[in-house]
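*Asks:* Questions regarding the structure given below will be posed in turn.
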Amino acid sequence: MEQVRAEVAAELADGAFLMAVPRVTRQHKTVRVNLSLDRGILDAIDSATAARKLTRSAFIAEAARNEIQGAH
């Protein structure tokens, strides 16, 4: 463990950085929600879902997961 700490300390000293990444767990339980969105956003979502062959729900869930995890 001390070796790992020393390596990390050296990498940080060389300019590396640490980043907190939230963990999103999948509970495999779908829950219905009601959202209010601007019509333009909904139209853009519908266009993107059609191009990707996804449902609105799948698209919004993926977009939210990416935003939470910083993968945008």
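The values are calculated or read from the model by the stated rules, or taken from the named source; none is laboratory data. On a predicted model such as this, the values are computed, not experimentally measured, just so you know. Because the Cβ atoms are built from the backbone with ideal geometry, glycine has one as well, and the counts that use them run over all protein chains shown.
*Asks:* Quick one: count up the residues across segment 16-72 that are under 17 Å from the mean Cα position of the chain (by Cα), closer than 30 Å to A6 by Cβ and of a type outside the set (V, I, T).
*Replies:* Residues that pass the stated criteria total 6.
*Asks:* Just one of E11, E67 is among the acidic types (D, E), outside any loop (DSSP other than H, G, I, E, B) and either modelled with pLDDT under 90 or exposed (fewer than 10 other Cβ atoms within 10 Å of the Cβ) (or both); which is it?
*Replies:* The unique qualifying residue is E67.
*Asks:* Follow-up. Which of (1) surrounded by fewer than 10 Cβ atoms within 10 Å (Cβ to Cβ); (2) outside any loop (DSSP other than H, G, I, E, B) does A48 not meet, given it meets every other one?
*Replies:* (1) is the only condition that A48 fails.
*Asks:* Also, I was wondering about something else. Report, ordered by the first and then the second residue, all pairs with beta carbons closer than 9 Å, sequence separation of six or more or different chains, a first member in segment 27-51 that is more than 13 Å from A63 (Cβ to Cβ) and among the aliphatic types (A, V, I, L, M), and a second member that is part of a helix (DSSP H, G or I) and modelled with pLDDT under 95.
*Replies:* Partner pairs satisfying both residue conditions: none exist.
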